[in-house]
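Nothing in this text is a laboratory measurement; each read-out follows from the coordinates by a stated rule. What you see is a predicted model, and the numbers here were worked out from it, not measured in a lab. Virtual Cβ from ideal backbone geometry, glycine too; neighbours counted across all protein chains shown.
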Amino acid sequence: MADKKILQDKNNYGKPRPWRQKKLENLRYAEYLSILLYKKAHKVYGCADVLRFRKLPDGSTKLYQTWFCKSRLCPLCNWRRSMKNSGQLKKILTEAHKQQPTGRFIFLTLTERNAIDCVDLKLRLRALTQAFNKLIRYKKVARNLLGYVRSTEITAKDNGTYHQHLHVLLFVKNAYFKGSGNYLSQANWTDLWQKALRSSYKPIVNVEVVRTNKSKGKPSLLSSAQETAKYQVKSADYMTDDDNRNQQVIDDLEQALAGTRQIGYGGLLKRIKRQLKLDDADNGDLVNVDGEELPEPTEAELIVAKWDQQRKNYLIW
């Protein structure tokens, strides 16, 4: 086994992909599931144990075949989902801009008070989605809304609470920025979000105009897309030095996230997703995350890497 080479898989920029780091986190997550007596622990242990890559003419490699467990909190699967969501969103936004060249993008962050435990979190996640669906139907919002993509993010706090919030990329008509009857200030958005939440307090809302290209002091479309498509829960939230805390967070999130979706599309962006025939990132293919189909490889073009528990790395076979 000592003569086996360690896997070196790099992206288009020459940066090594974090297979080893994600697999180590995956194994730790599986161990926590086992301690918590989740039946799927065995399935999670086997996630991406064997990787088959296609060697491309330029010398780079592309994942060709493996098996992912698709558990919601699996660090390996979440990494691949994030890549897939980001790639799909970029394609959708590019096509949206082609179909509506005068359309503009707005990035919203919608928050509410922290959930106190897993039961409260599950209820609040459902209420958060319902409040957002109300928000986009309000006349002041709907009159200039072309489409949207929204994602849910949850942060585990040190005091045992959970901060659930929405990242929303809105695609609006250019008329949104013309006249007081169309434009919504941050205070307007806050009032509307408070109304949709039916809350007695003023929730924190952040709204920013997105520039198609990089602009000093303004978010770019690329950065906003990446923010929307990132992990629903960062693995760092349940991979701390405190094992008891990690187990509690994982148990809470497993229960609260069951049956939920991370990303939702609406309006023009939802129609474009269907037009482009993009599959579901939550339950779809996590191997071919960029959507580019490759022909069947010959045996000579394949690189096979297997996880070695002793050396704690992927080794080439």
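General remarks:
- The C-alpha atoms of the chain define a longest principal axis, and helix 19-35 lies at about 80 degrees to it.
- GNM flexibility winner over the chain from GLY147, GLY103, GLY267 (Cα, springs under 10 Å): GLY267
- Legend note: in the chain, cysteines whose Cβ sits 4.7 Å or more from every other cysteine Cβ are CYS118.
- Residue-span extension gain [THR109 to GLN186] - 0.36 nm each, minus C-alpha spacing: 26.6 nm
- Degrees separating the helix 75-99 axis from the principal Cα axis of the chain, which is the longest one: 50 degrees
- Evaluating kT/(6 pi eta Rh) at 37 °C and 0.692 mPa s, with the Kirkwood radius of the stretch 1-130 over Cα pairs in the Stokes-Einstein relation, gives 177 µm² s⁻¹.
- Overall, the anisotropy analysis places the stretch 215-275 in the oblate class: the square-rooted eigenvalues a ≥ b ≥ c of its C-alpha gyration tensor yield a/c not less than 1.5, with a/b not exceeding b/c.
- LYS43-ALA236 pseudo-label distance in nm [points 7 Å out on the Cα-to-Cβ vector]: 3.0 nm
- Approximate spin-label separation GLN226-GLN100, in nm, with each point projected 7 Å along Cα-to-Cβ: 2.5 nm
- Cα-derived Rg over Rh, computed across the chain with Rh taken as Kirkwood radius: 1.00
- Using R0 = 30 Å, the C-beta based FRET efficiency linking VAL209 and ASP290 works out to 0.55.
- In this structure, ILE35 and ASN11 have a Cβ-Cβ separation that, at R0 = 45 Å, corresponds to a calculated FRET efficiency of about 0.85.
- DSSP-loop chymotrypsin sites (Phe, Trp or Tyr not before Pro) across the stretch 59-147, with at most 15 other Cβ within 10 angstrom: TRP67, TYR138
- Helix-derived mean residue ellipticity, 222 nm - over the chain, DSSP H n ≥ 4, -39500 (n - 2.57), to 500: -11500 deg cm²/dmol
- Cα-based helix-to-principal-axis angle, 243-257 vs the chain, degrees rounded to 10: 60 degrees
- Cβ-Cβ distance of SER199 and ASN244, R₀ of 51 Å, FRET efficiency by 1/(1 + (r/R0)^6): the value works out to about 0.95.
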